[in-house]
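Any read-out appearing in this document is the output of simple, stated calculations on the displayed coordinates, not a laboratory observation. Computed from a predicted structure; not experimentally measured. Note: ideal-geometry Cβ built from the backbone for every residue, glycine included; neighbour counts use all protein chains shown.
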Amino acid sequence: MPTSKIAGIGLYVPENTVTNEDLKKYMDTSDEWIQERTGIRERRYAHRTDETTTTMAVEASKIAIERAGITAQDIDFIVFATLSPDYYFPGCGVLVQRAMQMKEIGALDIRNQCSGFVYALSVADQFIKTGMYKNILVIGSEKHSFGLDFSTRGRNISVIFGDGAGAVVLQATEKEGQGIMSTHLHSDGQSAELLAMYNPGTHANHWVKEPVADYTEAAIGEMFMSKEMMDKAQNFPFMDGQAVFKKAIIKFPEVIIEALTKNGLSTTDINLLIPHQANLRISQFVQQKLALRNDQVFNNIQQFGNTTAASIPIALCQAWQEGKVKEGDLICLAAFGSGFTWASALIRW
Ligand code: ACO
């Protein structure tokens with residue numbers, strides 16, 4: 001049975017660097033507060049009109065495909081993870097297929113927010129293990145800057161997020177002991193509303209005072225995006241940061257241990273842990289809990305902020321480019337985020 005290896009990896013971040021100091025133009029915040037609570041110094045914001053979630057994904061994908069030594073024509077399937085798609089529908093996968101002039105291959109979008117890339121990798125891994133596909137393009141890309149509340153009201157969320165994209169070519173290999181060893185996926189919808197963007201969504205008539213009785217243009221507009229929703233900032237992401245933090249520091253270590261146990265390994269076997277870059281304090285807590293050395297954990301949230309589905313492939317690519325990921329290394333990917341969903345993957349590079 002084939003296993004899947006990462007044959008090529010690429011990242012793309014926009015040129016525009018936004019420092020904590022820059023954010024003070026829009027909201028009451030400080031570099032000190034942001035660095036102390038999150039570790040973030042700066043993040044990148046995509047060009048307002050010329051860059052989208054898909055265009056960034058295409059740039060990262062071109063690099064990944066070239067590094068894999070193949071062409072876009074060799075890709076058999078696309079799995080695209082994002083919470084900030086170009087359109088409400090269709091998804092970004094088909095836009096990549098079009099932009100890269102690929103064959104009429106399947107394209108699937110994954111909506112699992114911060115865990116999106118690990119979920120996407122797991123889905124792609126199953127297709128390769130069954131022999132259905134040989135080269136799958138797996139992407140995580142986000143353009144958060146387009147939909148954040150930059151007033152003081154939204155400061156607990158908006159300071160965290162950044163834009164960017166990462167992509168890998170997952171390829172079938174028969175080489176013994178190489179590639180994805182296992183993936184582990186979880187969810188608990190009990191707290192779905194604690195980290196969410198409620199609108200636009202079909203639940204919307206929960207938010208209007210009177211149940212909508214007709215389907216006139218005005219009534220539909222009221223259900224979809226009313227002034228009341230806008231006034232309550234329900235068109236922006238909502239996050240109960242402390243609740244997320246408390247759950248994250250339990251589930252991150254748990255899902256990492258689950259992956260190690262499944263493969264008869266322990267924390268000392270990990271060469272590099274790439275945690276989803278949610279908050280540097282979360283990564284440090286996980287590192288401490290698992291008694292990992294500094295050289296066993298890779299963080300770049302200081303430079304790029306939290307790029308949700310893109311954070312793991314961006315960090316993995318940067319670590320690889322810096323020579324921190326070598327053949328034979330045991331790499332652990334782990335994520336936690338909205339849903340709540342959490343996931344891990346163990347890879348023998
Ligand atoms: N600048 C200055 N002050 C701020 C800011 C800001 N940017 N944001 C909030 N504050 C203030 C608050 O108003 C509050 O003031 P008060 O005490 O006068 O009321 C105070 O700081 C503390 O606010 P909290 O929200 O309680 O701050 P906390 O210490 O919890 O830190 C944070 C907030 C950084 C968001 C933290 O809770 C966190 O990182 N949580 C996890 C985030 C995460 O991992 N999300 C998952 C990924 S996202 C995804 O899946 C889509």
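Using a 10 Å cut-off on Cβ atoms, rank the peptides 40-46, 150-156 from the highest mean neighbour count down. Provide the component values of the computation, followed by the final result.
On the way: 40-46: 22.9, 150-156: 15.1.
Averaged packing, sorted descending, gives the order 40-46, 150-156.
Run through the range 249-341 and list the trypsin sites (Lys or Arg not before Pro) located in a DSSP loop whose Cβ has at most 11 other Cβ atoms within 10 Å.
On the way: sites: K251, K262, R281, K289, R293, K324, K326; in loops: R293, K324, K326.
For trypsin sites (Lys or Arg not before Pro) across the range 249-341 that sit outside H, G, I, E and B with at most 11 neighbouring Cβ atoms in 10 Å, the list reads R293, K326.
Highest GNM mean-square fluctuation among G93, G164, G116, for the chain modelled with Cα contacts below 10 Å: G93. Take the convex hull of the alpha carbons in the range 1-101; its mean projected area over all directions comes to 9.4 nm². Estimated at 0.36 nm per residue, the fully extended path between Y87 and E217 surpasses their Cα-Cα distance by 44.7 nm. Roughly what % of DSSP beta bridges within the chain run antiparallel, to the nearest 5? Of all bridge pairs located within the chain, approximately 70 percent are antiparallel.
When M102, M132 are sorted by how many other C-beta atoms sit within 10 angstrom of their C-beta, beginning with the fewest, the order is M132, M102. Taking label points 7 Å from Cα along the Cα-to-Cβ direction, K62 and S151 give a separation of 4.0 nm.
Which net charge results when you count Lys and Arg as +1 and Asp and Glu as -1 among the other residues whose beta-carbon is under 13 Å from that of Q284? Walk me through the numbers before you get to the answer.
Details: positive: R37, R281, K289, R293; negative: E36.
Charge balance near Q284 sits at +3.
Between D231 and E327, the modelled labels are 6.5 nm apart [label points 7 Å from Cα along Cα→Cβ]. Tally Lys and Arg at +1 and Asp and Glu at -1 over the other residues with C-beta under 14 Å from the C-beta of V169: what net charge comes out? In short, 0. Simple point charges give the picture: +1 on the Cβ of Lys and Arg, -1 on the Cβ of Asp and Glu, and for the chain a dipole about the Cα centre of about 680 debye.
What order do you get for W320, W33 when you list them from fewest to most C-beta neighbours inside 10 Å? The partial results should precede the final answer.
Working: W320 22, W33 13.
So the residues, fewest neighbours to most, are W33, W320.
Relative to the longest principal axis of the Cα atoms of the chain, helix 241-262 runs at roughly 20 degrees.
The range 255-325 and the range 88-158 have Cα centres spaced 20 Å apart.
Tell me the Kirkwood radius of the chain: reciprocal of the mean inverse pair distance over distinct alpha-carbon atoms, in Å. Provide the component values of the computation, followed by the final result.
Numbers: mean 1/r = 0.0487 Å⁻¹.
This gives a value of 20.5 Å.
For the set K289/K324; K62/K227; K134/K324; K103/K247; K24/K326, the pairs lying more than 32 angstrom apart at their alpha carbons are K62/K227; K103/K247; K24/K326.
For the range 43-135, applying the loop criterion from DSSP together with a ceiling of 12 other beta carbons within 10 Å to the GluC sites (Glu not before Pro) yields E104.
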